[in-house]
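The values are calculated or read from the model by the stated rules, or taken from the named source; none is laboratory data. Just so it is clear, the structure is predicted and the values come from calculations on it, not from any experiment. Here Cβ is always computed from backbone atoms with ideal geometry, including for glycine, and neighbour counts include all displayed protein chains. These area figures cover heavy atoms from the full protein model, side chains too; ligands, DNA and RNA do not enter into them. Shrake-Rupley method; radii C 1.70, N 1.55, O 1.52, S 1.80 Å.
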Amino acid sequence: MEKAGSNSSENGTPPRASCPHWLLAELTYKCPLQCPYCSNPVEIARYQKELTTEDWVRVLREAREMGAVQLGFSGGEPLVRRDLEEMIAEGRRLGYYSNLITSGVGMDEARVQRFKEAGLDHIQISFQASNEELNNFLGGTKSFQHKMEMARLVKKYEYPMVLNIVLHRMNIDQIRDILDMTVALQADYVELASTQYYGWSRVNVDQLLPTREQLENAEQVAREYQLRMEGRMKVIYVIPDYFANRPKRCMDGWGQVFLTVTPDGTALPCHAAGQLPLEFPNVREHSIPWIWNESPGFQHFRGLDWMQEPCRSCPERFKDLGGCRCQAFMLTGDAAATDPVCDKSPNHQRLLEDVERIGRIARSGDTQAKPLLFRNMRNSKELMQESKALLPPSKHRPGPGATPA
């Protein structure tokens, strides 16, 4: 019997997953913070025409009818949307387990109470650091004390206490203080989310990639707290891909589990896939069943037939499915290449050399050669112009489903 996402059908077409299980609704790319490691696309200035409430309600309904059970409200900052409560209530009516992924900026007790009444199941609060000064610097706004208050409100209203801290060179040495903060806030789950380098973090990789020494120390501290807090607080920590020698099974398979819908309605098999040179459908023009089952973008990397060597004949291909397509494209220019994280990739040595180059920059303390670029509309427009200038005229086109600024 064929296992979805692991092999080809008899006629050579990619196998089809029966339904998406996870729907990530990226409601908006507007955000009061300016985090330089944000995973949103650098081209956020293109995404001006957002889906309406009615559009989102239809997307939620169609995905649920297919069998989706997990619903994430994300952004940008989803709190910017004043219709968020209405969409939460619709998600509850449809039978989703819903999760709000937020910085907490734009939330207060009255709104937390409305979320509870609407049927929200889960709130995840993000911090930039455990140190107020660094947290506010990285976010570009004085948000630390407000985040602390919102985390306490999450506990007060009996939500699972879930905290997310993105780790990188500028805060990884605070990992013990970060974990002490999560213990003091009585967190149930802590995600030490090592920066993965796409979107804005790819632009800032020279400033953000930690050294191997920093990672080794962070792993020891994380393990210490995992053991000490076992049964009381779950600590999740995964090292950045760039320091591994085998790729992860990205998104549990292309178009097998996850469906992302961006603010303008572009449907993606993962939240970073919009950067790939593929055409992806828009929910304004197509139904979720057609997008999932028929659209070329969702079919493109399903199964194994797309694989090149060394993946095609590798016995581990069923385990990792070739790794991350976005990472392969960013580092090699070929979305079908073996993820360079894998030490079987012909591009692995180039990745190691780049990691070592960045490590030398970090150890030297020379951070002035390439200044940190914060996520905001002005920088987005400048980066888009720079990118356009580097392309031949025939390549000047907006991203899939995007509205030119």
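What the table shows:
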item: Residue tally, condition farther than 30 Å from GLU133 by Cβ, in contact (Cβ under 8 Å) with a residue 12 or more places away in the chain and either in a loop (DSSP other than H, G, I, E, B) or in contact with a Gly (Cβ under 7 Å, 6 or more places away or on another chain) (or both), over region 27-59; result: 9
item: Failed condition for GLU90, given (1) under 22 Å from ASP188 (Cα atoms); (2) out of contact with any Gly (no Cβ under 9 Å at 6 or more places or on another chain); (3) surrounded by 17 or more Cβ atoms within 10 Å (Cβ to Cβ); (4) charged (D, E, K, R); result: (1)
item: Residues located in region 34-59, provided they are at pLDDT 95 or above, open to solvent by 10 Å² or more (accessible area, probe 1.4 Å) and under 20 Å from the mean Cα position of the chain (by Cα); result: GLN34, CYS35, TYR37, CYS38, GLU50
item: Answer from PRO277, PRO247 - the residue that is at negative phi, buried (at least 22 other Cβ atoms within 10 Å of the Cβ) and either in a helix (DSSP H, G or I) or in contact (Cβ under 8 Å) with a residue 24 or more places away in the chain (or both); result: PRO247
item: Complete set of residues in region 352-398 that are touching a helix residue (DSSP H, G or I) at 6+ places or on another chain (Cβ under 6 Å), at pLDDT 90 or above and either of a type in the set (Ser, Thr, Tyr) or more than 28 Å from GLY139 (Cβ to Cβ) (or both); result: SER380
item: Odd one out for GLN327 among (1) within 26 Å of the chain's Cα centre (by Cα); (2) without any contact (Cβ under 8 Å) to a residue 40 or more places away in the chain; result: (2)
item: Qualifying residue in region 145-152 (condition: at pLDDT 95 or above and under 21 Å from the mean Cα position of the chain (by Cα)); result: yes
item: Failed criterion for SER18 (all others in (1) out of contact with any helix residue (DSSP H, G or I) (no Cβ under 6 Å at 6 or more places or on another chain); (2) open to solvent by 40 Å² or more (accessible area, probe 1.4 Å); (3) modelled with pLDDT of 95 or more hold); result: (3)
item: Residues being farther than 24 Å from TYR197 by Cβ and touching a residue at least 60 places away in the same chain (Cβ under 8 Å) - total across region 144-177; result: 0
item: Those residues of region 251-272 which are open to solvent by 40 Å² or more (accessible area, probe 1.4 Å) and in contact with a helix residue (DSSP H, G or I) (Cβ under 7 Å, 6 or more places away or on another chain), in sequence order; result: PHE258
item: Residue list for region 252-272, restricted to those being modelled with pLDDT of 95 or more and not in a loop (DSSP other than H, G, I, E, B); result: PHE258, LEU259, THR260, VAL261, THR266, ALA267, LEU268
item: Enumeration of residues in region 60-109 that are part of a helix (DSSP H, G or I), among the aliphatic types (A, V, I, L, M) and within 19 Å of the chain's Cα centre (by Cα); result: LEU79, VAL80
item: Selection within region 70-94 - hydrophobic (A, V, I, L, M, F, W, C) and in contact (Cβ under 8 Å) with a residue 40 or more places away in the chain; result: LEU71, PHE73, VAL80, LEU84, MET87
item: Some residue of region 295-318 being of a type in the set (A, V, I, L, M, F, W, C), within 25 Å of LEU208 (Cα to Cα), open to solvent by 40 Å² or more (accessible area, probe 1.4 Å) and modelled with pLDDT of 90 or more; result: no
item: Among (1) surrounded by 24 or more Cβ atoms within 10 Å (Cβ to Cβ); (2) over 14 Å from THR262 (Cα atoms); (3) out of contact with any Ser or Thr (no Cβ under 6 Å at 6 or more places or on another chain), the one test that ARG64 misses; result: (1)
